[in-house]
Amino acid sequence: MRFLLVEDDPVLRDVMLRSLCDAGHRVDVAETLEQAQHFWRVQPFDAVLLDLNLPATASPHSDMGSGLTVLREARARGDRTPVLVLTARNRTEERIAGLDAGADDYLGKPFELAEVEARLRALVRRTRGTEDLFEIGRLTLDRKARRFSIGAMPLELPAREFEVLWELMTPPGRVVNKRALSDKLSSFDEALGDNALEAFISRLRKKLIHSGAGIRTLRGLGYVLEPVPGASR
């Protein structure tokens, strides 16, 4: 999954970044109000981890530094990305303000990293659906275990191919826009070009050849994972 981490504390930010990356996620980091606003507008994320007490480079002494500003702007433009607020502002009225602004969950500092990851998984499940198992042909995705298999055999994939297949299979049959998929797999310092994405799709097609599932290209629309006609389970 891909997350936006909005946190200005360098120590906490680095610890969280390392923990999330070690768990196999892609993480983009914003340290200021302006960075958070920009990243959230130009990049789709599975979830946002948002600190409320943000510095604003243009106006450091104003209340524009509040993460609530970023959250309200996102909700006003119709962005429903799940948001987990992480903050030392732990008074009841401040928790209510965050939830009223559109936050989906709230965790006060200090917190355990394992709980952050568990809450993120829960938020993404709630957004995409509550099922933990998806099947198409003989291909199965266990979302809870983060594991693909073909029949009884595990399907081991490099990180980028895993992310592509994950997007195509949550749930299967959904058309995934090529640009959105490319953006999700890119980072701000490493863009993923069309040729690289096509290479990932091509390799996945070969690995799925006996799975009863196939990736079809819909010209001008994107990709869809669907059953292969006539394939046996």
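The values are calculated or read from the model by the stated rules, or taken from the named source; none is laboratory data. None of these values were measured; they are calculated from a predicted model. Reconstructed Cβ throughout: ideal geometry from the backbone, glycine too, with neighbour counts over all protein chains shown. Accessible surface areas use protein heavy atoms only, side chains included; no ligands, DNA or RNA. Shrake-Rupley method; radii C 1.70, N 1.55, O 1.52, S 1.80 Å.
Things worth noting here:
- Share of carbon and sulfur in the accessible area of the chain stands at 52%, probe radius 1.4 Å.
- On Cα atoms only, tilt of 67-76 relative to the major axis of the chain in degrees: 50 degrees
- Here the peptides 40-48, 107-115 are ranked by packing, the mean other Cβ count within 10 Å, and the order with the highest first is 40-48, 107-115.
- Accessible area of the chain divided out per residue, in Å², using a probe of 1.4 angstrom: 51 Å²
- q = 0.16, 0.26, 0.28 Å⁻¹, the stretch 119-173: log10 I(q)/I(0) [Debye, one scatterer per Cα]: -0.46, -1.15, -1.27
- Relative contact order computed over the chain (Cα-Cα under 8 Å; 6+ residues apart), in percent: 14 percent
- For the chain, adding -39500 (n - 2.57) for each run of n ≥ 4 DSSP H residues and dividing by the number of residues yields -12000 deg cm²/dmol at 222 nm.
- Taking amide H atoms as placed 1.01 Å from N in the peptide plane, the amide H of SER66 lies under 5 Å from those of LEU54, each 5 or more residues away in sequence or on another chain.
- Highest-fluctuation residue, VAL11, VAL29, VAL164 considered, GNM on the chain with Cα pairs under 10 Å: VAL11
- With K and R counted +1 and D and E -1, the other residues having a Cβ less than 10 Å from that of ARG216 yield a net charge of 0.
- In loop segments of the stretch 134-225 as defined by DSSP, the GluC sites (Glu not before Pro) with at most 11 further C-beta atoms inside 10 Å of their C-beta are GLU156.
- Heavy-atom accessible surface of HIS38, to the nearest 10 Å², is about 100 Å², with a 1.4 Å probe and all protein chains retained.
- Residues considered: ASN177, ASN195, ASN53. Largest GNM mean-square fluctuation over the chain, using C-alpha springs under 10 Å, is found at ASN195.
- Measuring nothing but how far apart in sequence close Cα pairs (under 8 Å, 6+ apart) lie, relative to its length, the stretch 139-179 scores a relative contact order of 24 percent.
- Long-range amide H partners of GLY222 with built H, under 5 Å: LYS178
- Per residue, the Cα convex hull of the stretch 133-233 amounts to 96 Å³.
- Against the criterion of solvent-accessible heavy-atom surface with a 1.4 angstrom probe, GLU93, GLU117 sort, most first, into GLU93, GLU117.
- Once the Cα gyration tensor of the stretch 92-153 is diagonalised, semi-axes √(5λ) in Å: 34, 14, 5
- Maximal additional length on extending the ARG203-ASP9 stretch stands at 65.8 nm, based on 0.36 nm per residue less the C-alpha distance.
- Rounded to the nearest whole angstrom, the semi-axes of the ellipsoid equivalent to the chain, taken from the Cα gyration tensor as √(5λ), stand at 36, 18, 15, largest first.
- Along the stretch 174-184 the Karplus relation, 6.51 cos²θ - 1.76 cosθ + 1.60 evaluated at θ = phi - 60°, assigns HN-Hα couplings of 8, 6, 9, 4, 4, 5, 5, 5, 4, 5, 5 Hz to successive residues, with x for each Gly and Pro.
- Long-range amide H partners of VAL83 with built H, under 5 Å: VAL48, ASP104, ASP105
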